[in-house]
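Engineer: Structure in structure tokens, see below.
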Amino acid sequence: MNRTRISRIACSSVLAAALTAFAAGCSGTSSSSGDSTGSSGSQKQGSGQAFPSGQATVRSSLGSMDIQTSAMDLQISGAELKPGPGGTSLLSATIRNTSGIPEHLAAVTAPDGRNATISQGGAKAGIVSTAGVLLAPGSSTSVGGSGQPVVRLPEPVGAGSSEKLMIEFAVTGLVHLEVRTAH
């Protein structure tokens, strides 16, 4: 085998392992009571779960979530999927980072595997880089509004009143949030 073929096989193996780990983290399986799918209530996640920084306390309701880990304190509010241009869906939300370290909104995925694209929304938008949307310490960042970063799912908003999303943060890790849908 040549080096290119070996590199491709190695990359495929790493990608398969990463997707398997991602899918296992998204299954809602946890050593704690309750699930991590954004259902109402409060729960603690054990280390080794979706929160790489250790213990986490999560409180959530439709369209909002408070996440506290040893390293991070985030609040998501007003999360809603709205119809976008060309049969897409746009996420609008405000994320407050009350910790002392920067965080990034890195990825948004629907449970059926639809991945959102995150892009710069306008000249005055929050900073979007390859790491995602910067969530500066001690600040609130909005997505989905005029002149703000854009989080776009490739499919139209579902027919129900809510949709569950997986949201990946660089420091905090993966969270499951049920968001409102607007038709």
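Engineer: Counting just the Cα atoms, what span does the stretch 125-166 cover along each of its three principal axes? Round to the nearest Å and put the largest first.
Structural biologist: Sorted from largest, the Cα extents of the stretch 125-166 read 35, 21, 19 Å.
Engineer: Taking amide H atoms as placed 1.01 Å from N in the peptide plane, list the residues 5 or more away in sequence, or in a different chain, whose amide H sits under 5 Å from that of residue 171.
Structural biologist: Hits under the 5 Å cutoff: 104.
Engineer: Over all directions, average the projected area of the Cα convex hull of the stretch 66-176 and note it in nm².
Structural biologist: Seen from a random direction, the Cα hull of the stretch 66-176 projects 6.6 nm² on average.
Engineer: Spelling out what I want: for every residue of the stretch 82-98, take phi, set θ = phi - 60°, compute 6.51 cos²θ - 1.76 cosθ + 1.60 (Karplus), and round to whole Hz; glycine and proline get x.
Structural biologist: 10, x, x, x, x, x, 9, 10, 10, 8, 10, 6, 10, 10, 9, 9, 9
Engineer: Around residue 56, which amide H atoms from residues at least 5 apart in sequence, or from another chain, sit under 5 Å from its own amide H, with H modelled in the peptide plane?
Structural biologist: Answer set, sorted by chain and number: 45.
Each value in this text was obtained by applying a stated rule to the coordinates, not by laboratory testing. Fair warning: this is a prediction, and the values are worked out from it, not measured in the lab.
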